[in-house]
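The values are calculated or read from the model by the stated rules, or taken from the named source; none is laboratory data. These numbers were taken from a predicted model, which means no experiment stands behind them. All Cβ positions, even for glycine, are placed from backbone atoms using ideal geometry, and neighbour counts span all protein chains on display. Just the protein is used for accessible areas: all its heavy atoms, side chains included, with ligands, DNA and RNA removed. Shrake-Rupley method; radii C 1.70, N 1.55, O 1.52, S 1.80 Å.
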Amino acid sequence: MADLSALSPEQRAAELAHQREVHTEFKAAGLTLDMSRGKPCAQQLDLSTPLLSILQSADDCFGEGGLDCRNYGVIDGIPEAKRLMAMLLDAEPDDVFVFGNASLTIMHDAIARCLDYGCLGSTPWSQLPRVKFICPVPGYDRHFAILEQFGIEMLPVPMRADGPDMDAVEQLAAEDAHVKGIWCVPRFSNPSGAVYSDAVVRRLASMSCAADDFRIFWDNAYCVHDLDDAAAEEERVLDIGIACREAGTPDRYLKFASTSKITFPGAGVAAMACSAANLAEAKRLCGAQMIGHDKLNQLRHARFLPDAAALREHMRAHAAILRPKFELVQRKLREGLGDTGIASWTDPRGGYFVSFDGLPGTAARTVALAKDAGVVLTGAGATWPYGRDPEDRNIRIAPTMPPLADLDLALDIFICCAKIAALETLR
């Protein structure tokens, strides 16, 4: 199809009428297709079914050194789990604090501790007149929801292919002591799939910050979620911990990861890695909150994924399921929208999403049209703080959960809706 903006008004009107007819046919089919969130599909979940039968007797419940994992204790995680999570966090096991099932909970509580107690002796953030956070956009809606819940002001900065716009980040961090942190998804960022360059990581570690207690919230959610072996080798990210130690800012970072999209979402293991000082403070403050998390679940995961080779093979199995879905997204978008001049999108080598940009003012209309035709997408604006995309153009495509046949049909509907929204705007 030709560039829609180059068509005559009469040609655009005819094409709009045609696409509306196609949309009406989709509506009449009574479809129910959900691409609203990045969930693993049933085939992926099946990969981890053996994990459920690892502990079958009392003898199976003893860890290293004879630790009885059925009982209280070990606030920061059993040694086996610390080693597993250290692989995901690019950390040493001694720097890892293993929590419960969700990294989002850890990040939420880390913000809460900063608000209630400060960071390593700094003024508690809740006692300040305002607190601000840098938010690369498009970004992860649940990160933004945490900040909004706590009343923390969000400062959007553009996300580039190699990470956030560091000129903007450095200016914000240097000029205002109320700017206390930044969200980072360094590998296959949600939703763009961007991978942080070494230069970006080093600038984050070494930049001048007006706030001595500035913290980088390093959400390594897609650290091993490659679509092929080449991406696993070529899309490596410099560890923020190493960069901060080299820059003389060893306490600046908090790293987070979980097995949520590796084994079972909501029933996995999550952990934080940080400097020795930050770790000691977290253990002290968490001591009033918990005696320890689910050590049996930690033990199951550590035995299911005992080393880097086992983890790699497990993630190759995930990639074999997901790769055709991402390839389908790219093919369908190229064929349906490639020459229309109304859209652009990312082509990530891993992670769970594709970031789609339509014409300004079309995202909400596209999502609404898709819903009318039976396809539920992530809400327009979700990838921006407060749910407000100032240009109303970004949509997060989540292709992982639907079967291929459903995804194929959902993409046809999406493309139809994107064309209708664009043609209505161009009239």
### Query
Which ones in segment 62-86 are out of contact with any strand residue (DSSP E or B) (no Cβ under 7 Å at 6 or more places or on another chain) and basic (Lys, Arg)?
Arg70, Arg83
#### Entry: Output for segment 344-361, where each listed residue is aromatic (Phe, Trp, Tyr) and within 12 Å of the chain's Cα centre (by Cα)
Tyr352, Phe353
#### Entry: segment 156-194, residues that are touching a strand residue (DSSP E or B) at 6+ places or on another chain (Cβ under 8 Å), over 16 Å from His143 (Cβ atoms) and in a loop (DSSP other than H, G, I, E, B)
Asp165, Asp176, His178, Gly193
### Summary
Of the residues in segment 265-301, those that are within 23 Å of the chain's Cα centre (by Cα) and not polar (S, T, N, Q) come to Pro265, Gly266, Ala267, Gly268, Val269, Ala270, Ala271, Met272, Ala273, Cys274, His301
### Task
List every residue pair whose Cβ atoms lie under 6 Å apart, where the two residues are 6 or more positions apart in sequence or sit on different chains, the first residue falls within segment 236-251 and is of a type outside the set (A, V, I, L, M, F, W, C), and the second residue, located anywhere, is open to solvent by less than 30 Å² (accessible area, probe 1.4 Å) and assigned to a loop (DSSP other than H, G, I, E, B).
Pro250/Ser275; Asp251/Ser275
### Query
Restricted to segment 213-234, and to residues that are surrounded by fewer than 20 Cβ atoms within 10 Å (Cβ to Cβ) and of a type in the set (Asp, Glu), which residue is nearest to Leu172 (Cα to Cα)?
Asp213
### Criterion violated by Gly73 - all others in (1) farther than 30 Å from Gly338 by Cα; (2) open to solvent by 40 Å² or more (accessible area, probe 1.4 Å); (3) modelled with pLDDT under 95; (4) small (Gly, Ala, Ser) satisfied
(2)
#### Entry: Residue that is at pLDDT 95 or above, open to solvent by 30 Å² or more (accessible area, probe 1.4 Å) and closer than 21 Å to Val237 by Cβ, where the choices are Leu84, Leu104, Leu89, Leu67
Leu104
### Task
Would you mention how many residues in segment 144-168 are open to solvent by less than 70 Å² (accessible area, probe 1.4 Å) and closer than 15 Å to Val201 by Cα?
7
## Note on the structure
Taking segment 209-233 and keeping residues free of Cβ contacts under 8 Å to residues at least 40 places away in the same chain and of a type in the set (D, E, K, R) leaves Glu233
### Task
Name every residue in segment 79-96 that is over 11 Å from Val269 (Cα atoms) and in contact with a Gly (Cβ under 8 Å, 6 or more places away or on another chain), in order of residue number.
Pro79, Glu80, Asp90, Ala91, Asp95, Val96
### Message
With the requirement that a residue be in a helix (DSSP H, G or I), in contact (Cβ under 8 Å) with a residue 24 or more places away in the chain and aliphatic (A, V, I, L, M), what does segment 1-25 give you?
### Response
Leu4, Ala6, Ala13, Leu16, Val22
### Query
Can you spot a residue in segment 114-127 that is open to solvent by 10 Å² or more (accessible area, probe 1.4 Å), among the small types (Gly, Ala, Ser) and touching a residue at least 24 places away in the same chain (Cβ under 8 Å)?
yes
